[in-house]
Amino acid sequence: CDPATLTEEERGLVSQWLKEDKHVCHIYQSLQHIRYVFKAKTFIQAKRRFSDWIKRFQFHTCGAVSSIVKAFVSREKAILNTILSTLSNGKMEGTNNKIKLIKRRGYGYRNNAHLFLRIRLETGGKFVTPDFW
């Protein structure tokens, strides 16, 4: 979470953890810098902040931080688009997860119509029965 939202006790715990373990300190610092990158408002600003973040942490001594940067570099375009986009596929992912859970709980349905009725019941009617069934 945002460090500004921490209570005084939580801030004390965080500072104690950062003093005790260098790896935790490095990961925390990179996390705070990537939070700054994600607050960008324009594509140019996001690209500049992201490239600065990569330059700073790419060859870091902490292996966890450098592997995170390596993964981010391979997905640079997608991450930049995510920073600027207000769209989310969270609702679709949630619906897909519900459907998979229904299928798993049902141990197979004898009739596909019953499966689709159960899906419509549990998703609030958001699911549309395919025409080919």
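The values are calculated or read from the model by the stated rules, or taken from the named source; none is laboratory data. From a predicted model like this one, the values you see are computed outputs, not experimental measurements. Cβ sites come from the backbone with ideal geometry, for glycine too, and all protein chains shown count toward neighbours. In case anyone asks, the SASA skips ligands and DNA or RNA and just uses the protein heavy atoms, side chains included. Shrake-Rupley method; radii C 1.70, N 1.55, O 1.52, S 1.80 Å.
What to note about this one:
- Every residue from the stretch 79-116 that is surrounded by 11 or more Cβ atoms within 10 Å (Cβ to Cβ) and under 30 Å from residue 49 (Cα atoms): 79, 80, 81, 82, 83, 84
- Taking residues in the stretch 52-71 that are assigned to a loop (DSSP other than H, G, I, E, B), and partners anywhere that are open to solvent by less than 80 Å² (accessible area, probe 1.4 Å), the pairs with Cβ atoms closer than 6 Å and at least 6 places apart or on different chains are 58/69; 60/66; 62/26.
- For residue 48: the one exception among (1) in contact with a helix residue (DSSP H, G or I) (Cβ under 9 Å, 6 or more places away or on another chain); (2) assigned to a helix (DSSP H, G or I); (3) open to solvent by 60 Å² or more (accessible area, probe 1.4 Å): (1)
- Screening residue 36 on (1) over 30 Å from residue 125 (Cβ atoms); (2) open to solvent by 70 Å² or more (accessible area, probe 1.4 Å); (3) out of contact with any Lys or Arg (no Cβ under 7 Å at 6 or more places or on another chain); (4) part of a helix (DSSP H, G or I) shows it passes everything except condition (3).
- Top-ranked residue of the stretch 20-33 - restricted to ones that are open to solvent by 60 Å² or more (accessible area, probe 1.4 Å) and in contact with a Cys (Cβ under 8 Å, 6 or more places away or on another chain), ranked as farthest from residue 67 (Cα to Cα): 22
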